[in-house]
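The values are calculated or read from the model by the stated rules, or taken from the named source; none is laboratory data. From a predicted model like this one, the values you see are computed outputs, not experimental measurements. Cβ coordinates were reconstructed from backbone atoms using ideal geometry, including for glycine residues, and neighbour counts include every protein chain displayed. When the accessible area is computed, the model is the full protein with side chains, heavy atoms only, and any ligands, DNA or RNA have been set aside. Shrake-Rupley method; radii C 1.70, N 1.55, O 1.52, S 1.80 Å.
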Amino acid sequence: MTQPAQHPSQLSLAPQARDEDLLRLAFQWAATARARGNRPFGAVIVSAEGQLLAEAYCNISESGDCTGHAEINALRQLRTPAQLESLAQATLYASAEPCMMCAGAILCSGIRRVVYGLANDHLRQLCGQRIDSFRSSMAAAELLALAPQPIACIGPMLTEEALEPHAGYWGN
């Protein structure tokens with residue numbers, strides 16, 4: 001059974017010991033995305049107990065699906081009732097700050113903790129106009145702050161490592 005969501009004052013915005021390693025796994029998936037001809041974004045979802053529930057990369061170029069963002073692809077992998085019920089205690093790790101579409105999906109999923117590498121502001125500097133408008137309109141933290149249940153949004157973290165899959169990709 002799902003634990004009740006924590007009150008905002010109980011949500012810790014401090015990084016946890018395992019956050020860096022799991023964020024690095026999202027960076028590895030971002031590198032995989034790029035190697036396969038997609039935009040370099042990756043995501044993983046991990047239960048409160050540390051069980052890897054989903055891992056994914058952006059596959060827009062491969063699939064032709066404009067919603068094929070890493071975070072959404074990871075959420076699509078969650079199919080069992082036990083996985084879905086555990087999302088309130090799960091953490092989604094994203095190689096970059098989620099766009100508005102992904103933040104909306106995270107909000108609807110029940111996940112209450114998001115950790116990301118590269119900030120949208122930094123990503124915009126890298127790619128200029130070559131990124132979708134969802135990523136440039138509102139920060140994930142702003143949208144997630146509007147959620148009826150509190151969602152901790154932690155980042156940016158490991159920025160230099162988060163930049164590696166993007167090196168040279170956006171033409172600069």
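A compact table of results
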quantity	calculated
Qualifying residues in region 113-122 (those that are open to solvent by less than 10 Å² (accessible area, probe 1.4 Å) and not hydrophobic (A, V, I, L, M, F, W, C)) - the one farthest from residue 19 (Cα to Cα)	120
Single unsatisfied condition, residue 120 versus (1) at pLDDT 85 or above; (2) farther than 19 Å from residue 75 by Cβ	(1)
Restricting region 33-44 to residues that are open to solvent by 30 Å² or more (accessible area, probe 1.4 Å) and touching a residue at least 24 places away in the same chain (Cβ under 8 Å), the residue that is nearest to residue 164 (Cα to Cα)	34
Residue, modelled with the lowest pLDDT, within region 130-169, restricted to residues that are under 20 Å from residue 42 (Cβ atoms), in a loop (DSSP other than H, G, I, E, B) and open to solvent by 50 Å² or more (accessible area, probe 1.4 Å)	130
Criterion violated by residue 47 - all others in (1) under 21 Å from residue 101 (Cα atoms); (2) surrounded by fewer than 24 Cβ atoms within 10 Å (Cβ to Cβ); (3) of a type in the set (Gly, Ala, Ser) satisfied	(1)
